[in-house]
Amino acid sequence: MRKLLLASIVSATAALSPFALADTPSFPHLETVGVGEVSVQPDMATINVAVSLNRTTAQAAKKASDDAITALLGRLEGMGIARKDIESANLSLQPQYSYPKNGEPKLTGYRATRNVSVTVRELASLNDILDGALADGLNRVNTISFSSSKEGEYKDQARMAAIADAKAKAASLAKGFGEPLGGVWQISYMTESPVRPIMMRMAAEAVSNTNASYQDAEITIRDQVEVIYALGE
């Protein structure tokens, strides 16, 4: 009776392999995980900025935050940013208290916070948008995440690389064990999200130094495929 040969290659990203949920083939077989990746420079970014300020009254805090957002939206429109690429969050208004050592908490004012998310389709304008947002009164840059307008194309390239990797591993393993490699019995596909460089919250004075950093940013787009091959003629 022919000895059953099972070779498995498992990557760290495939801990929850769909093979674990499938019935194990009753014939000699070989399992491989192919991984492919493509590294590209981004041509888009999404920035999340915010205005967060304190005023003595709720009305004054709301007005100040609304004024900052209105100024920013006007600036973005003047720069040719489409309205669909701008998302303005609702107002968050919270009372602020002081806490005397021996006494009751005392209301000192209100903090108004509003966030704006902007998709920037021309990276060359990113620094001008950030500088303009700060000039309009927004005082926090929460995140800057980078992406590519050709992500689907690069994903296909990564997938083809993953398929080639799975084939090469299967052929190498079968050859190493002296077993003829048969046809594909099962293919399982698990898509992966791109690894996007993200700049986290920065103080206003640090924003002007980000230009070199985002020009050097790189996105890694990964994909993987899991394949079961039959062994034998």
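Given a Förster distance of 22 angstrom, what is the FRET efficiency for Lys63 paired with Glu87, based on the Cβ-Cβ distance and rounded to 0.05?
The calculated FRET efficiency here is 0.55.
Sorted by accessible area (1.4 Å probe), largest first, how do Glu192, Glu87 line up?
From most accessible down to least: Glu87, Glu192.
Keeping all protein chains in place and using 1.4 angstrom, which order do Glu226, Glu122 fall into by accessible surface area, from largest down?
Glu122, Glu226
Determine, for each peptide in 123-136, 102-115, the mean count of other beta carbons within 10 angstrom over its residues, then list the peptides with the highest first.
Listed from highest to lowest mean packing, they are 123-136, 102-115.
The values are calculated or read from the model by the stated rules, or taken from the named source; none is laboratory data. On a predicted model such as this, the values are computed, not experimentally measured, just so you know. Please note: Cβ atoms are built from the backbone with ideal geometry, for glycine as well, and neighbour counts cover all protein chains shown. Calculation scope for accessible area: heavy atoms of the full protein, side chains included, ligands and nucleic acids excluded. Shrake-Rupley method; radii C 1.70, N 1.55, O 1.52, S 1.80 Å.
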